Amino acid sequence: MEAETVPTPQTARSRARRLLSRLWKPTEATSLTTLLRRREFRLLFNARLITYIGDSVSPIAVAFAVLEADGSSADVGFALTARIIPLILLVLLGGILADRASPISVMMFSDLVQGVAQAGLAALLLTQHASIGLIVVSQILYGVGYALQMPSLDALIPRTVDKEQLQAANSALFLALGIAFIGAPAVGGFAIASVGAGVVVAIDAATFVVSFALLWSLHRVLPISRVPAEPGLLHSFSEGWAELRARPSIGIGIIFGGTYGAAFVACISVVGPVSAVEWLGGSAGWGLVMSCVGLGLIGGAAMAMRLEFVHPLRVGFLILVLSTPLMFTIGLRAPHWLVLAAAVIAGVSIQWFNALWNTVLQAVVLPDFRARVSSYDSLVSWSLRTVLYSVAGPIALVAGLRATWMYVGALLIALCLLPLLSLEVRNLRLSAEERPPPTTAE
């Protein structure tokens, strides 16, 4: 009988390295400093950072603008919802325009539209001529610009960096978003109390002017050839749909990822404040929870810059599961420190997944279709979010707060794990040779 071989430390380390090599790519990390040395990405990053700061403050300023115009809490919700309606109606058109013309041109036009909307609102507030109706009109115009801009960004990012820097570039932009999410609302709230909503909205309008100037500079150093015009919009829609159908992993990600995001945000936004009033210390306690989520968003973006996975969607959906303990800790009324820890972990996992998802979409979808496929992603996410915003409150009233958190937590786990039943999702790699062949509309 042969003696059993006792594993040596060297053998164990070798096995561990082989196992880890199946999980992530042993690539050299791309730092933010390295990315910002590229002029094209630096211009895009600065343009996004300045608008992220304005976007983080803007909803607060609009809410107080409505209240200053003698509006009610229902009017506040109506004004903010006015931004979402054009997004749902026009985001597919935004994807077509970005693919057929130029994503930079569409983003510049979007900045102009949003800047005009906020400048007009600021003028109304500063001259004390604002009414609820005019505020709603300004936010509808703002939503038009936002709808046109969203798909363009996914089409533009891959043109500003090398292929191996794509995940780091997405992570860097999410890092900027996380920083704005943390700092801007607090500063904006203080500014509104000090100088009024009108001045803050005017500053938000100025951020779009700065962004437009930066994108104009990017347009000069990064010329993008226009795609020959197709026979019509319907043909463009069908081509985008055909490209999406050719990428099953992207379609599955849009459905399950969009549903996950809508359910998570709706529960946090609608049910969260009510639960906070009961046992988390009210608005101050809930603000602390949201600050921890924001810290996690920054941490998740930073971690995504360092690790690139061999199978990004497989690992991404598993990472996303780590966000669900936040639901259960709130539902079970766990100690406050445990809720705060779960909030940080939730932020890390969500932003890490976001960086992986955007990288997959931009790497797998063919360049001439990126904006259109991205627009389908935005349409699903925002449509579901709008629906769930309206039903989250009634569901919590019927089921009870604790049960709602537990049910939503279980739903989120299912939405993370069900996509892994698909071979296309589990086995997706970002290597070009494994992409499906390009397709055209029938």
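Listed by Cβ neighbour count within 10 Å, with the fewest neighbours leading, 416, 292 appear as 292, 416. Here the contact order of segment 239-430, divided by its residue count and restricted to Cα pairs under 8 Å and six or more residues apart, works out to 40 percent. Among 131, 211, a tally of other beta-carbon atoms within 10 Å of each Cβ gives an order, fewest to most, of 131, 211.
The residues neighbouring residue 352, those whose beta-carbon lies less than 12 Å from its own, together hold a net charge of 0 under the Lys/Arg +1, Asp/Glu -1 convention. With label points built 7 Å along Cα→Cβ from the Cα atoms of residue 321 and residue 187, find their separation and express it in nm. Placing both labels 7 Å beyond Cα along the Cβ direction yields 4.0 nm. A P(r) calculated from all alpha carbon pairs of the chain, with 20 Å bins opening at zero, reads 24, 58, 17, 2, 0 percent. Debye-formula intensities of segment 239-430, expressed as log10 I(q)/I(0) at q = 0.08, 0.15 Å⁻¹, are -0.27, -0.89 (one equal scatterer per alpha-carbon, no solvent).
Taking the chain as a Gaussian network of alpha-carbon nodes connected by springs under 10 Å, the highest mean-square fluctuation of the residues 350, 252, 96 belongs to 252.
For segment 239-430, the dipole from Cβ point charges (+1 on Lys and Arg, -1 on Asp and Glu) about the Cα centre works out to 200 debye, to the nearest 20. In terms of Cα atoms, the Rg and Dmax of segment 128-213 work out to 16.5, 52 Å. For segment 239-326, the convex hull spanned by the alpha carbon atoms encloses 117 Å³ per residue. Computed from the alpha carbon positions, the gyration tensor of segment 93-163 leads to an equivalent ellipsoid with semi-axes of 31, 11, 8 Å, biggest first. Residue 54: net charge of surrounding residues, Cβ under 13 Å, Lys/Arg +1, Asp/Glu -1, itself excluded? My count for the surroundings of residue 54 gives -2.
Computed over the chain, relative contact order equals 25 percent, with contacts defined as Cα pairs under 8 Å that lie 6+ residues apart.
In terms of surrounding Cβ atoms within a 10 Å radius of their Cβ, 34, 51 rank from fewest to most as 34, 51.
Where a number appears in this text, it was derived from the coordinates with a stated rule and is not lab data. Note that the structure is predicted; figures quoted are calculated from it, not measured. Using ideal geometry, Cβ is built from the backbone for each residue, glycine included, and neighbour counts are taken over all protein chains shown.
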